[in-house]
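Heads up, the thing below is written out as structure tokens.
The values are calculated or read from the model by the stated rules, or taken from the named source; none is laboratory data. Please read all numbers here as calculations on a predicted model, not as lab measurements. With ideal geometry, Cβ positions are generated from the backbone for all residues, glycine too; neighbour counts draw on all protein chains shown.
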Amino acid sequence: MRKQIAAANWKMNLSYQQGEELLKEILDTDLGLKDNQEVLFAVPFPYLLMTKKMIGDRRGFSVAAQNCHHEKSGAYTGEVSAPMLASMQVNYCLVGHSERREYNNETNQTLALKVDQCIENSIIPVFCCGEPLSVREAGTQNEFVSTQLRESLFHLGPDIISTIVIAYEPIWAIGTGKTASTGQVQEMHAYLRAVIEDQYGKETAQEIPLLYGGSVKAGNATELFLNPDVDGGLVGGASLIAVDFTTIIRAMK
Ligand code: PGA
């Protein structure tokens, strides 16, 4: 059965103490996770170890980095490599979030290298894709997003790509309160699965969890997650409020 994931993306928010409090509240809540359901916390680098310790051996919870460098080591002051994350037993890493694509000039080509770094170090990449508003308005979102997949992921073999996670996040819906309609989300997710199927076959395409991100809230998560090709969410703002995020976790089908 395909994995379902509710992923919190804290971005550059919360003090260390606020992070601890938030985690405590969430982890103390009885969430009734099913065997195929997982909760990820993509926290700032200095909070990774604390998050890992707080999770302890609870089943269904994992820690994620928000980024890693595309080289394995070297003179890159201020950067963090995938081998460093692996040495801290970090299980997941976001790759290619649209904010990093925009503010840190990440290209599909450098993201392909980051994906490789993650895989070489047994870290599951959560590969983020999604179109800006101008592309949606021009009606070329399918080509735009499938190019992101092709250029950053399609060099992977079928046995590898089937282990990763993809998050579709239309940029115009991130942090704007403007959620894509459930119809728009299902349409894109079905399209992405079809693109993967064309390249790798049905079995592989069916194995990859496709998350939706962009103003996922306690009030819209159930409707979004009911879509057959939506396997959970990547949640920014609403993941910073315990009751909102736990409601979103429970909305997984
Ligand atoms: P948002 O952010 O939920 O605040 O829109 C989602 C994301 O950027 O991952």
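Among the candidates A180, A167, A194, which residue alone is within 23 Å of V39 (Cα to Cα) and out of contact with any strand residue (DSSP E or B) (no Cβ under 6 Å at 6 or more places or on another chain)?
A180
Could you please tell me which pairs satisfy a Cβ distance under 7 Å, a separation of 6+ or placement on different chains, a first residue in the range 126-143 that is under 20 Å from I161 (Cβ atoms) and modelled with pLDDT of 95 or more, and a second residue that is more than 15 Å from the ligand (Cβ to nearest atom) and assigned to a helix (DSSP H, G or I)?
Close Cβ pairs satisfying both conditions: F127/V115; F127/S152; F127/L153; C129/V145; C129/Q148; C129/L149; G130/V145; N142/Y191.
Inspect the range 50-71 for any residue being in contact with a Ser or Thr (Cβ under 6 Å, 6 or more places away or on another chain), closer than 21 Å to N13 by Cβ, crowded, with 20+ Cβ neighbours inside 10 Å and β-branched (V, I, T) and give the result as yes or no.
Checked against the condition, which is being in contact with a Ser or Thr (Cβ under 6 Å, 6 or more places away or on another chain), closer than 21 Å to N13 by Cβ, crowded, with 20+ Cβ neighbours inside 10 Å and β-branched (V, I, T), the range 50-71 yields at least one hit.
Could you grab the pairs with beta carbons closer than 7 Å, sequence gap of 6+ or different chains, first residue in the range 227-238 and in contact (Cβ under 8 Å) with a residue 60 or more places away in the chain and hydroxyl-bearing (S, T, Y), second one outside any loop (DSSP other than H, G, I, E, B) and buried (at least 24 other Cβ atoms within 10 Å of the Cβ)?
none
State yes or no: is L22 within 16 Å of the ligand (Cβ to nearest atom), under 24 Å from A167 (Cα atoms), over 19 Å from the mean Cα position of the chain (by Cα) and not in a strand (DSSP E or B)?
Values: within 16 Å of the ligand (Cβ to nearest atom): yes; under 24 Å from A167 (Cα atoms): yes; over 19 Å from the mean Cα position of the chain (by Cα): yes; not in a strand (DSSP E or B): yes.
Yes; evaluated as a whole, the condition is true for this residue.
Filter the range 1-19 down to residues that are free of Cβ contacts under 8 Å to residues at least 60 places away in the same chain and within 16 Å of the ligand (Cβ to nearest atom), then give me how many there are.
Just the residues of the range 1-19 that are free of Cβ contacts under 8 Å to residues at least 60 places away in the same chain, to begin with: 1, 12, 15-19.
Subset that is within 16 Å of the ligand (Cβ to nearest atom): 12.
The total comes to 1.
Here are some residues: L133, L113. Which one is away from the ligand (no atom under 16 Å from the Cβ) and either within 23 Å of V63 (Cβ to Cβ) or not polar (S, T, N, Q) (or both)?
Answer to the selection: L113.
Consider the range 72-85. How many of its residues are among the small types (G, A, S), closer than 20 Å to K11 by Cα and surrounded by fewer than 18 Cβ atoms within 10 Å (Cβ to Cβ)?
1
Within the range 136-158, can you find the residues that are within 16 Å of the ligand (Cβ to nearest atom) and of a type in the set (A, V, I, L, M)? Working first, answer last.
From the range 136-158, those within 16 Å of the ligand (Cβ to nearest atom) are 136, 145, 148; that's our starting set.
Listed by number, the list holds a single entry, V145.
Quick check on the range 25-49: of everything there that is among the acidic types (D, E) and in a loop (DSSP other than H, G, I, E, B), which residue is surrounded by the fewest Cβ atoms within 10 Å (Cβ to Cβ)?
Taking the range 25-49 first, the residues among the acidic types (D, E) are 25, 28, 30, 35, 38.
In the following step, the residues that additionally are in a loop (DSSP other than H, G, I, E, B) were identified as 28, 30, 35.
On the way: D28: 9, D30: 7, D35: 9.
Among them, the one singled out is D30.
Take the range 182-211 and flag every residue that is touching an Asp or Glu at 6+ places or on another chain (Cβ under 7 Å), crowded, with 20+ Cβ neighbours inside 10 Å, in contact (Cβ under 8 Å) with a residue 24 or more places away in the chain and among the hydrophobic types (A, V, I, L, M, F, W, C).
L210, L211 - these are the residues of the range 182-211 that are touching an Asp or Glu at 6+ places or on another chain (Cβ under 7 Å), crowded, with 20+ Cβ neighbours inside 10 Å, in contact (Cβ under 8 Å) with a residue 24 or more places away in the chain and among the hydrophobic types (A, V, I, L, M, F, W, C).
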